[in-house]
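For reference, the structure is listed below as structure tokens.
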Amino acid sequence: MINTGISFTTTDGVIIRNNTITGSGISAGDAENFDRTDVVYDNEVYGNTIKHVNGTALNVGGNGVIVRDNNIEGTIGIALGAGAVDSNTGVSNVTITNNTIKASNRGITSMNTIKNVTIQGNTIDMKQSATFALVLPKMWNQAGDANFILRDNTVTGKKSGTTSGAPPSLLGANSLELVENSLGD
């Protein structure tokens with residue numbers, strides 16, 4: 001598909017797979033469906049090639065989305081919780097695994113609340129002059145663990161004046177596991 005994307009909001013069991021999208025992206029879920037385990041679950045996005053160099057390639061919001069094995073390129077690779085307007089909205093019960101992401105601004109970024117989110121085994125290649133590889137602040141005011149896990153991700157880049165060539169990352173959370181990542185500078 002060229003200059004047109006795919007999206008879903010309040011649903012269960014949707015699979016978006018094996019598509020090639022140029023000039024647009026995928027919107028998987030809606031931030032308003034945060035923690036809606038009753039009707040929003042078991043949605044998957046995998047095997048896609050998404051190239052949206054002038055925007056966000058993949059928006060993930062709401063509850064119950066698995067994103068795996070995609071080739072993603074955009075100004076922003078993946079935005080988590082896009083459209084979140086307060087601490088009751090964002091992403092919940094989401095897994096982002098084994099994706100290859102190329103980004104000119106941010107590889108993965110989040111808006112507002114993150115609960116039970118795992119970002120694992122992704123390769124994030126930041127383009128020249130990118131500002132940050134990961135921007136993952138997390139709003140979580142509730143008691144207990146939010147289960148926000150970053151594991152085995154690799155960030156590379158072309159930024160001069162850095163040891164690895166990768167731009168820095170901003171991680172802010174009161175409940176975060178950061179395990180065996182190579183995050184650049």
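Out of curiosity, is Ala103 under 13 Å from the mean Cα position of the chain (by Cα) and crowded, with 20+ Cβ neighbours inside 10 Å? So Ala103 fits the description; yes. Across the stretch 4-33, which residue is farthest from Lys102 (Cα to Cα) among those that are among the β-branched types (Val, Ile, Thr) and in contact with an Asp or Glu (Cβ under 9 Å, 6 or more places away or on another chain)? Per the stated criteria, the residue is Thr10.
Taking Thr123 as the residue in question, decide whether it is in contact with a His (Cβ under 9 Å, 6 or more places away or on another chain), hydroxyl-bearing (Ser, Thr, Tyr) and under 18 Å from Thr156 (Cα atoms). No, not satisfied.
You will find that of Gly13, Gly23, the residue that is among the small types (Gly, Ala, Ser), out of contact with any Gly (no Cβ under 8 Å at 6 or more places or on another chain) and open to solvent by 40 Å² or more (accessible area, probe 1.4 Å) is Gly13 and no other.
Of the residues making up the stretch 60-98, those that are part of a strand (DSSP E or B) and surrounded by fewer than 24 Cβ atoms within 10 Å (Cβ to Cβ) are Ile66, Arg68, Asn71, Glu73, Thr75, Ile76, Asn93, Thr95, Thr97.
Pairs linking a residue in the stretch 23-35 that is farther than 25 Å from Met1 by Cα to a residue that is open to solvent by 40 Å² or more (accessible area, probe 1.4 Å) and part of a strand (DSSP E or B), with Cβ atoms under 8 Å and 6 or more positions apart or on different chains, are Phe34/Lys115; Asp35/Asn93; Asp35/Lys115. All conditions in (1) among the small types (Gly, Ala, Ser); (2) within 12 Å of the chain's Cα centre (by Cα); (3) open to solvent by 40 Å² or more (accessible area, probe 1.4 Å) hold for Ser7, with the sole exception of (2).
When Asn116 is tested against (1) open to solvent by less than 10 Å² (accessible area, probe 1.4 Å); (2) out of contact with any helix residue (DSSP H, G or I) (no Cβ under 6 Å at 6 or more places or on another chain); (3) modelled with pLDDT under 95, just one condition goes unmet, and that condition is (1). The residue of the stretch 60-79 that is farthest from Asp38 (Cα to Cα), among those that are touching a residue at least 40 places away in the same chain (Cβ under 8 Å) and touching a helix residue (DSSP H, G or I) at 6+ places or on another chain (Cβ under 9 Å), is Gly62.
The values are calculated or read from the model by the stated rules, or taken from the named source; none is laboratory data. Note that the structure is a prediction, hence the values are computed from the model and not measured. A quick note on method: Cβ atoms are made from the backbone with ideal geometry, for glycine too, and the neighbour counts reach across all protein chains shown. Side chains included, ligands, DNA and RNA excluded: accessible areas come from the protein's heavy atoms. Shrake-Rupley method; radii C 1.70, N 1.55, O 1.52, S 1.80 Å.
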